[in-house]
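Notes to accompany the following structure.
What follows draws every value from the coordinates through simple rules; no lab data is involved. Bear in mind the structure is a predicted one, so any value in this text is a computation, not a measurement. Heads up, the Cβs are rebuilt from the backbone with ideal geometry, glycines too, and the neighbour counts pull from every protein chain shown.
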Amino acid sequence: MQLFYSSGSPYARAVRVALRETGLLDRVEERETTLRDPKAVVLPHSPVGRVPTLVLADGTVLTETALILPYLDTLGGAYPLLPPAALARCGQVLGLLEGMAVWNRELRRPEHERSPGVIALETTRVNRVADALEAQGEVQGWTAPARPDAADILLGCALGYAERRHRAWPWREGRPVLARFFDSLAERPSFRATIPPLSGI
Ligand SMILES: N[C@@H](CCC(=O)N[C@@H](CS)C(=O)NCC(=O)O)C(=O)O
């Protein structure tokens, strides 16, 4: 199998972390691709042109993180990534991540092309979800999981994106549970091997 990724993508990072945590990495060749580029090496495989893209041994091409992660669970890895208990949190974290991605895209535009309305909406959404996760974490006493499930991995990648690619969001403020959770996940070899480059935002 081949996994197309870009080093800055939190979505692709989640799949890369999941492969490392479940011991499936040796079954996959990771290939870095450019994005939004007619010469991107992912494009001959997927007209969507986004990462993550997983090309299976029979040539089937999977895009969308929310489809690739459950597919990994069919491969007999070390433990299930998506137990039913993780599904609700996965949805929340994917909503948070998408909000951050939309907000970030606005900030990459020239200032006069930015939509203050979109930025305000997504900032509110992202803070609302992060506050809800902080409250859940406090009630449930979240600590570093020994076997991070898909929701843990997605949350670690979302906060890692905020930490290095979307620093416009001071996500740690007032969220000590999420900060502790992230700091302990970030120490794991799977996260250390996939740290995204710093961006100017
Ligand atoms: N909904 C997709 C989002 C993936 C996504 O937006 N990936 C970005 C990188 S973070 C990408 O490939 N962008 C290139 C483009 O939009 O053409 C998923 O969950 O996999």
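Here are the numbers for the structure shown:
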| item | result |
| --- | --- |
| Model label zone, Ala193; criterion: amide N under 18 Å from point 7 Å along Cα-to-beta-carbon; scope the range 150-164 | 150, 153-154, 156-157 |
| D (Stokes-Einstein, µm²/s), Kirkwood Cα radius, the chain, 1.002 mPa s at 20 °C | 123 |
| Estimated FRET transfer efficiency (Arg180, Val41; beta-carbon r; R0 45 Å; 0.05) | 0.70 |
| Long-range amide H partners of Val42 with built H, under 5 Å | Thr34 |
| Calculated from backbone phi, Karplus (6.51, -1.76, 1.60) coupling profile of the range 34-50 in Hz, x at Gly/Pro | 6, 10, 6, 9, x, 9, 4, 5, 7, 4, x, 9, 9, x, 5, x, 10 |
| Distant-in-sequence amide H partners of Glu30 (H built 1.01 Å from N, under 5 Å) | Leu3 |
| Full-extension gain in nm, Ile201 to Arg128, via 0.36 nm per residue minus C-alpha separation | 24.2 nm |
| Computed helical MRE - 222 nm, the chain, DSSP H runs ≥ 4 contributing -39500 (n - 2.57), nearest 500 | -16000 deg cm²/dmol |
| Gap separating the Cα centres of the range 1-40 and the range 122-201, nearest whole Å | 20 |
| Interchain or long-range residues, amide H under 5 Å from Thr53's placed H | Phe4 |
| Highest to lowest packing among 125-134, 24-33, 108-117, scored as the average C-beta count within 10 Å | 125-134, 24-33, 108-117 |
